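J.: I am attaching a structure below and will ask some questions about it afterwards.
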Amino acid sequence: MTYIRTLLNGIFEENPVFVLVLGLAPALFVSTSVVNAVGLGVATLIVLICSNVVISLLRKFIPNKIRLLSQVAIIACFVTIVQILLNTYFPDLARDLGIFVPLIVVNGIIVYEAAIFATEHSPLESFIKGAAIGLGFLAALIVMAFFRELLGNGTILGFAVFGERFDPASIMIMPPGAFLTLGIGLAIFAAVKSRGKENE
Amino acid sequence: MIRDLALLALGTALINNLVFVQFLGISPALNMSKNVKSSAQMGVAVIFVLFFASLLTWVVNTYFLAYLRWEFLENVAFILVVVAFVQFCEMLTRKKFKSLYPIFGRYLPFIMANCAILGIVLINSREFGVLRENFAYNIANSLAAGIGFFIAIVLLAGVRERLELKNIPKAFRGIPIALISAALIALAFIGFTAG
C-alpha cells in the first residue's frame, strides 16, 4: 500500500530534521529530555495534520494573492488551539516547552508542507503526508533527546539509568551538546545514504 | 533607565545570544552563512526586520489586542503582521528600490518563516507586555537580538570560510561541520554566562 510507503518515507528517506534539514530550532531546544521531545513532537504532529487537511480542503477557494497569508493564518489558529490545550491539561510540559509551542507556527516543516503539498493534493493524501512528516519529526526529536538526556543527565524519561555515581556530561544538555548531537546525526544519515547509493 | 536598557541589550546580544543560546535563528544562520559578506548583509536585513516587526507588533498588541481583550490571538496577529510586512518590503525592493534587492531583498523570504523574528516578538510580548513605559525595553531587546544574530552569523561565516580550505570527511561536508563549528562557538559563548 502506498500509504505505508509514504509513512516510512517521511520517517527515513525524507526525515524533516536529518534529511530535509528543516525544523532545526525546535529540535535543538526540545531534545534536552525525551518527555519534552515527545510533547513538542506530538503537538507539531497534530498541527501539521490539521493544517494540512484544512488547507487542502480550501485549496480551490483561496485566491492566489493571499495564499501565503491565509495559510499562515490557518496554521497559527491551530497552533493557538494546541497551545491553549497544552496550557490547560499539561501545564508543566507547557512551561518547559516555553516559547517553542507558539513557534510551531514558523516551523519550516509545516509551512513547507502546507505551501507545497497540501495546495496540490487531496485532503486524504495531505493527511497521510502530514502524518508521515510529523512522525518523522517526532522520531528525530526522540532520537536526539535520547542521546542528550542519557549522556547529559544519566536518565531516560526521568529514571536514572547509570546509578548515583555517574557524573553526566552536562555539556550535552547545554547548547553545544545540541549542536553536536544534531551535527553528528546529520553526518550519520549522510554517510548511510551515500553508502546505500554506492551499493546500488 | 539607560543602564537597565544597556544591561538588557548586552544580555540579549551576547549572554542570551539568539543563535548560540536560544537557538532561534538557526535555519537562516546555517543556510546563509557561506561567506562573510552575504552573512553581514543577511544580518543587517534581520536587524531591520526585527526593529520594524517589534514596532508594528507592539502597536497591534497594545492598541488592538489588549484593548479588545483578544490576547489569545497573539500568535495569529503577530505572524500575520510579520509576514505582511516582510512581503511588503520584498515587493518594495523588487519594484521601487531595485538596487537594494541583491543586498537586502534577496534574504527576506528566509527571514519570514523562521523562529527568530516571531520568537523575539513573542518574548517581548511575554516579558514586557503592553505597558507604555516598557516600549523602550521592547525596542532595545529587539535591536540587541538583531545585533546578536549579526555577530553570530558573521562568526559562523568566518569559520566556515576557513573550513572550506580544509579536508573534511565526506559525510560532514556542508551542514554537519557547520553544526560542529556552531557547537564550539556556543561553548565559547557559555563563557559569557558563567560567573
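J.: So how many Å³ per residue does the convex hull of the Cα atoms of chain B work out to? Present the calculation step by step, with values, prior to reporting the outcome.
T.: Details: hull volume 25.7 nm³, N = 195.
About 132 Å³ per residue, rounded to a whole number.
J.: Identify all lysines with a Cα-Cα distance to B:K34 below 16 Å; exclude those on the same chain that are fewer than 8 residues away in sequence.
T.: By straight Cα distance, B:K34 reaches B:K166.
J.: Compute the angle between helix B:36-60 and the longest alpha-carbon principal axis of chain B, please, reported from 0 to 90 degrees and rounded to the nearest 10.
T.: Tilt of helix B:36-60: around 20 degrees.
J.: Suppose every K and R has +1 on its Cβ and every D and E has -1 on its Cβ; what is the size of the dipole of the protein assembly as shown about the Cα centre, in Debye to the nearest 20?
T.: Details: 28 positive and 20 negative charges, 252 e Å.
So the magnitude is around 1220 debye.
J.: Within 10 Å of each Cβ of B:169-175, how many other protein chain Cβ atoms are there on average?
T.: Details: counts 3, 4, 11, 6, 2, 4, 7.
The per-residue average across the peptide is 5.
J.: Which of the lysines could a cross-linker bridge to B:K96, judged by Cα under 20 Å and excluding same-chain residues fewer than eight apart?
T.: By straight Cα distance, B:K96 reaches A:K65.
J.: Taking the Cα centre of segment A:3-199 as the origin, how large is its charge dipole in debye, to the nearest 20, when only Lys and Arg (+1) and Asp and Glu (-1) carry charge on their Cβ atoms? Don't skip to the end; give the middle numbers.
T.: Values: 12 positive and 11 negative charges, 109 e Å.
My answer is approximately 520 debye.
J.: Sketch the reach of a paramagnetic label on A:R67 as a point 7 Å from Cα along Cα-to-Cβ, and name the residues of segment A:105-149 whose backbone nitrogen lies under 18 Å away.
T.: Counting backbone N atoms under 18 Å from the label point, the list is A:109-123, A:126.
J.: For chain A, what does the alpha-carbon gyration tensor say about shape, rounded, prolate or oblate, given a ≥ b ≥ c as the root eigenvalues, a/c under 1.5 as rounded, and a/b over b/c as prolate? Intermediate results must be reported in sequence, preceding the final value.
T.: Numbers: a/c = 2.37, a/b = 1.41, b/c = 1.68.
Cα axes put chain A in the oblate bin.
J.: Shape of segment A:1-108 from its Cα gyration tensor (a ≥ b ≥ c, root eigenvalues): rounded if a/c is under 1.5, otherwise prolate when a/b > b/c, or oblate? Intermediate values should be presented prior to the final figure.
T.: On the way: a/c = 1.87, a/b = 1.19, b/c = 1.57.
Judged from the Cα gyration tensor, segment A:1-108 comes out oblate (a/c at least 1.5, b/c at or above a/b).
J.: Could you work out the per residue convex hull volume over the alpha carbons of segment A:72-152, in cubic angstrom? The partial results should precede the final answer.
T.: Values: hull volume 8.6 nm³, N = 81.
Per residue, the Cα convex hull of segment A:72-152 comes to 106 Å³.
J.: For A:I156, what residues show an amide H to amide H distance below 5 Å, using hydrogens built from the backbone and excluding near sequence neighbours?
T.: Sorted by chain and number, the residues that satisfy this are A:V161.
J.: Can you tell me how the protein assembly as shown classifies by the Cα gyration tensor, rounded, prolate or oblate, using a/c under 1.5 as the rounded cut?
T.: Working: a/c = 1.27, a/b = 1.10, b/c = 1.15.
Verdict is rounded for the protein assembly as shown.
J.: Helix-only mean residue ellipticity at 222 nm, chain A, DSSP H runs n ≥ 4 weighted -39,500 (n - 2.57), per residue, nearest 500. What is it?
T.: Numbers: 8 runs with 132 residues, N = 200.
The helix contribution divided over chain A gives -22000 deg cm²/dmol.
J.: Something else now. Can you tell me the accessible area per residue over the protein assembly as shown, all protein chains present, probe 1.4 angstrom, in square angstrom? List each step's numbers first, then the result.
T.: Working: 18690 Å² over 395 residues.
Value returned for the protein assembly as shown: 47 Å² of accessible area per residue.
J.: Find the centroid of the Cα atoms in segment A:68-99 and in segment B:171-195, then give the distance between the two in whole Å.
T.: 30 Å
J.: Which helices count as membrane-span-like in chain A under these terms: full DSSP H, at least 30 Å along the axis by C-alpha, Kyte-Doolittle mean of 1.6 or more?
T.: On the way: long enough: A:34-57 (34 Å, 2.25); A:67-89 (33 Å, 1.57); A:123-153 (42 Å, 1.28); A:175-199 (36 Å, 0.47).
Sorted by number, the helices that extend far enough and score high enough are A:34-57.
J.: Another question, if that's okay. Among the trypsin sites (Lys or Arg not before Pro) in segment A:96-184, which ones are in a DSSP loop with at most 10 other Cβ atoms within 10 Å of the Cβ? Mind listing them? Spell out each step's value before the answer.
T.: Values: sites: A:K129, A:R148, A:R165; in loops: A:R165.
Passing sites in segment A:96-184 are A:R165.
The values are calculated or read from the model by the stated rules, or taken from the named source; none is laboratory data. Here the structure is a predicted model, which means the values were calculated and not measured. Ideal geometry is used to build each Cβ from the backbone, glycine not excepted, and the neighbour counts take in all protein chains shown. Areas reflect the complete protein model, heavy atoms only, side chains present, ligands, DNA and RNA absent. Shrake-Rupley method; radii C 1.70, N 1.55, O 1.52, S 1.80 Å.
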